[in-house]
Amino acid sequence: MDFEMEDVPVCDVIYQPTEKAKYNAHLSSFDEYKKLYDESIRDPESFWKKMAHETLSWDIPFQKVSSGSFQDANIKWFEDGYLNACYNCVDRHANKNPNKVAIYWEGDQTSESRSISYLEMKNEICRLANYLESIGVKKGDCVAIYMPMIPEAVYAMLACVRIGAIHSVVFGGFSDEALKDRIIDAKCRVVITADEGVRGGKVIHLKNIVDQAIESVEFVKTVLVVKRTGEPSIQMKADRDVWYHEKVSTQSKDHKPVSMNSEDLLFILYTSGSTGKPKGVAHSTAGYLLYASLTFKYVFNYAENDIFGCMADVGWITGHSYVVYGPLCNGATIVLFDSTPFYPDASRYWQVVDKALRKAGDAFPLKYDLSSLRVLGSVGEPINPEAWQWYYDKIGRNKCALVDTYWQTETGGIVITPISSVTPTKPGAATLPFFGIEPALLDPHSGHEISGNGVCGVLAIKSPWPSITRTVYGDHERYKMTYFTQYPGYYFTGDSAARDSNGYYWIRGRVDDVINVSGHRLSTAEIENALINYPECAEAAVIGKPDEITGQSICVFCILRNPNIDKEKAKTDIIKQVRKSIGPIATPKSVYLVPDLPKTRSGKIMRRLLRKIVSGETNFGDLTTLSDPSIINKINIIVSQ
Ligand code: ATP
Ligand code: MG
C-alpha cells in the first residue's frame, strides 16, 4: 500500500459519551452541539453577542460585536465595551461565594498543600494591585512574571490585569538569556519572582537567574521577590529588589479594578519556539476571556462544584487559559501543581498521558482511586491512538470522556475538540470544531480550499473568532506574515490535518515537518505512530533528510525502552515495522538510536533541530527554549558515527 498524506485515517473504533461524561451536561445531545455550532457559523454576531452578555460582567456593555478582517489583520471584538478580567475571575465569585475554594495548591513535597478561598484570593490580589500602583505601574505597562507554580503567580497575573497592566509570564524553567530577551522585548520595568523554586526535589535559583538576566537591563526598576524557600543567601540589590511579604502584606485589601476596553491587551505570551524564534503573542481582554471561559465550560463540561486540575505550567498558554482564566471566570476550584509527574515517583502525575509516563507502565495509576474523574484532556502534540487508548482504559477506566484538544498560543483557547458530554470520539482524532470556528483544509500549493470529507490539507480557519491573537507584540508585520499572507483570507495554523469520512479532524503535525519522498507527501505523525507499535520503541521522531534521488528520505530517531538490546536487530525491526504499517514508500533510510530527543521546555519535539543535525548544519537558530542543550551534541555524535 502506498501511504500518502492525502490518505485519511480510517477508524472503526468509536466511543460514545459515557454516562459519567453526561453528568450535569450543558449540552444534552450531539444534535444540540450541531445546532448551536451551525448557529455560531451562520450568525456569529448574534451568537457571540448572546454568549458575551451571558458569560461576562461588563462595566459598560458593548454595542458593536466584531469588526476587521484577516486581510487587514485588524480584528476587534466588542470594541466599545468595558470590563475588568480580574473582576470577572475573582470579585464576582468572592462576592457571591466568599468561602469557596479558588485554589487548591499542591507543592513539591506531597506533604505541602494549601487551600485558598475566593475571598482570600481577592484580598491578596488587591494588596498586590495596590502595591504595584504605589510603585507607578499603570495601565498599558508590561510586567514580567517569573515564578514557580505558587498561588502568588496567579495573584501576580490577576493583580496586573486588575490595574490594566499587561503581564508577560516567563516559564520558571527558562534560562537567564531567555528571560532577558523577553524582558527587553516587552520593556518590562517590573519583574515579579521568587527566591527559589523547587521541582522534583531540585532547587531552581529563580532570583539569581533574574539577577543575571537584568544585569545590563537598566529599565528594570523593581524586582518583587516572594519568599518561597527562605534560602538565606539570596542577595537583594538596594533600591531595586523588595520582598513581597514586606511590601504587599501591609497594603489595603480594597482596590477598585480599572475598567478596560475590550481590545486593551490582557497579556503577552511567547510561543514554545518549536519551529523558530518564539513569537510574543498578544491577547486582548474581552475576546480572550470570553472564549477561554466558554471552551472551559463546554469542552470539560464544568459543573458547579467540580475541582479542575490542569497540570500545565502558567508559563504556557494552557496554563493561562485552563489553569487561570477559563476556570476562574467560571468560579471553579483549580488545582495549582508545583511539582513534576515523577516526583516522588511516577504515581504523582498519572492524570496526564505522556509518553514518558507510559514508560513507567500501568502499575502506578492502578494503585489509586480515580473514580472522581469525569473528563480527561490531552493537548500539545498529536496523541497517537495507542497513547489515547491507554489513557482512556487505564486512567479513565473506560468511564470518562477523553478530549484531545487542538489549539495554539495564538488561538487563545481550544479550537478543535470533542465536547465531553456529547461528541462520539475516535482514538487519535481531535474531532470537531468548537463554536464559532470554521476550519478549512487548503491545498498547500494552490491555496484552494479542499471541500468534502476524506481529504487532507493545510489546516486554516476561515473567519475570526473572539480570542484570536491581535498581534505579535512589537512586530505587527511578523503577525501579518506568519498567519495571513501565505493563504490570503484565512488564518494559517502551520499544521496539516485530515478530515475523515465523518468530518472528524485528525491533526497530522506541522506543515514544515511533512516529508516528501519521490513526490509522496508523508506525515511525520503517521510514521511516528507506526513506530510506537514496535514494542521496544519508547518514543520516536521522524524527519526528512535531503536525498539526491528521492528529494527527501526518511530518517528515524528512536528511544529504546531497553537500551541494552541488540541494536542492529532493533534497527532492522524498526524498518520492518514502518514498511508493514505504512508501506515500502515509507521505508526509513536511516535509523538512529538515541538516548533522548530535543524538546522544548513544554515537551514538544523540535524536529527542526534534528533536520539541522542530519544535514550537518552548525547554526541551530534560536535555542532558548530547548530543554536540554547537551542533547544536540549527543545526537550529533550518534549521527556522525
Ligand atoms: P512555535 O509557534 O514557536 O513554533 P509551538 O507552535 O510549539 O511553537 P504552541 O502554541 O505552544 O507553540 O503549540 C501549538 C502547536 O501544538 C500547534 O500548532 C500544534 O502543532 C500542536 N498541538 C497542540 N495541540 C495539539 C493536539 N491536540 N494535537 C496535535 N497537535 C497539537
Ligand atoms: Mg506555533
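Pull out a ≥ b ≥ c, the square roots of the eigenvalues of the alpha-carbon gyration tensor of the stretch 384-518, then state rounded if a/c is under 1.5, prolate if not and a/b is larger than b/c, and oblate in the remaining case. Prolate, because a/c is 1.5 or more and a/b exceeds b/c.
Considering only DSSP beta bridges where both residues belong to the chain, give the percentage that are antiparallel (nearest 5). Walk me through the intermediate numbers first.
Numbers: 57 of 90 bridges.
Taking every DSSP beta bridge within the chain, about 65 percent pair in antiparallel fashion.
An oblate overall shape is assigned to the stretch 237-285, the ratio a/c of its alpha-carbon gyration tensor axes (a ≥ b ≥ c) being 1.5 or greater and a/b not exceeding b/c. The local environment of residue 480, defined by Cβ-Cβ distances under 15 Å, has a net charge of -1 under the rule Lys, Arg +1 and Asp, Glu -1.
Across the protein chains, with a 1.4 Å probe defining accessible surface, the residues 314, 8 rank 8, 314 from largest area downward.
R0 = 51 Å: FRET efficiency of residue 455 with residue 176, Cβ-based, nearest 0.05?
Details: r = 47 Å, r/R0 = 0.92.
Once the sixth-power term is evaluated, E becomes 0.60.
By accessible area, using a 1.4 Å probe on protein heavy atoms only, the chain has 49% of its surface on carbon and sulfur.
Place a point 7 Å from Cα of residue 572 in the direction of its Cβ. Which residues in the stretch 578-608 have their backbone N less than 17 Å from it? Inside the label zone: 578-580, 588-593. Each Lys and Arg adds +1 at its Cβ and each Asp and Glu adds -1 at its Cβ; summed about the Cα centre, the chain shows a dipole of about 540 debye.
Taking 0.36 nm per residue of sequence separation and removing the Cα-Cα distance, the residue 252/residue 393 pair yields an extension gain of 45.7 nm. Across the chain, the convex hull enclosing all Cα atoms gives 153 Å³ per residue.
Once both labels are positioned 7 Å from their Cα atoms along Cα-to-Cβ, the gap between residue 63 and residue 548 label points is 7.1 nm. Charges were assigned to the Cβ only: +1 to each Lys and Arg, -1 to each Asp and Glu. The resulting dipole of the stretch 518-640 about its Cα centre is roughly 120 debye. Placing unit charges on each Cβ (+1 for Lys and Arg, -1 for Asp and Glu) gives the chain a dipole about its Cα centre, and among 209, 173, 248 the Cα reaching farthest toward its positive end belongs to 248.
What number, in percent, do you get for the relative contact order of the chain if the mean sequence gap of Cα pairs under 8 Å and at least 6 apart is divided by its residue count? Don't skip to the end; give the middle numbers.
Numbers: 1377 pairs, mean separation 98.9, N = 641.
Reported relative contact order: 15 percent.
Here the Karplus curve 6.51 cos²θ - 1.76 cosθ + 1.60, taken at θ = phi - 60°, turns the phi angles of the stretch 437-448 into couplings of 9, 10, x, 9, 9, 10, 5, x, 8, 7, x, 6 Hz, with x standing for Gly and Pro.
For the chain, the solvent-accessible area with a 1.4 angstrom probe is 38 square angstrom per residue. Using a ≥ b ≥ c from the Cα gyration tensor of the stretch 518-640 (square roots of the eigenvalues), is it rounded, prolate or oblate, where a/c under 1.5 gives rounded and otherwise the larger of a/b and b/c decides, a/b for prolate? Note, shape of the stretch 518-640 comes out oblate.
Since only 117, 593, 392 are under comparison, the one whose Cα sits farthest along the positive direction of the charge dipole of the chain, derived from C-beta charges on Lys, Arg, Asp and Glu, is 117.
Here is what passes the span test in the chain: the DSSP H helices with alpha carbon length of 20 Å or more along the helix axis and a Kyte-Doolittle mean of -0.5 or above are 118-134, 285-299.
Ignoring lysines fewer than eight residues from residue 221 along the same chain, the ones with Cα atoms less than 24 angstrom from its Cα are 138, 139, 180, 187, 207, 237, 247. Were the residues from residue 369 through residue 386 laid out at 0.36 nm apart, the gain over their Cα-Cα distance would be 3.8 nm. Most simply put, the stretch 518-640 has about 75% antiparallel DSSP beta bridges, counting only bridges with both residues inside it. Under 5 Å from the amide H of residue 402 lie the amide H atoms of 376, each residue being 5 or more positions distant or on a separate chain, with H modelled from the backbone and absent for Pro and chain starts. Counted residue by residue at 0.36 nm each, then reduced by the alpha carbon distance between them, the extension gain from residue 347 to residue 628 reaches 98.8 nm.
The values are calculated or read from the model by the stated rules, or taken from the named source; none is laboratory data. Quick caveat, the model's predicted, so the values are computed rather than measured. Every residue, glycine as well, gets a Cβ built from its backbone with ideal geometry; the counts of neighbours run over all protein chains shown. To get the accessible areas, we keep the full protein, side chains included, count just its heavy atoms, and leave off ligands, DNA and RNA. Shrake-Rupley method; radii C 1.70, N 1.55, O 1.52, S 1.80 Å.
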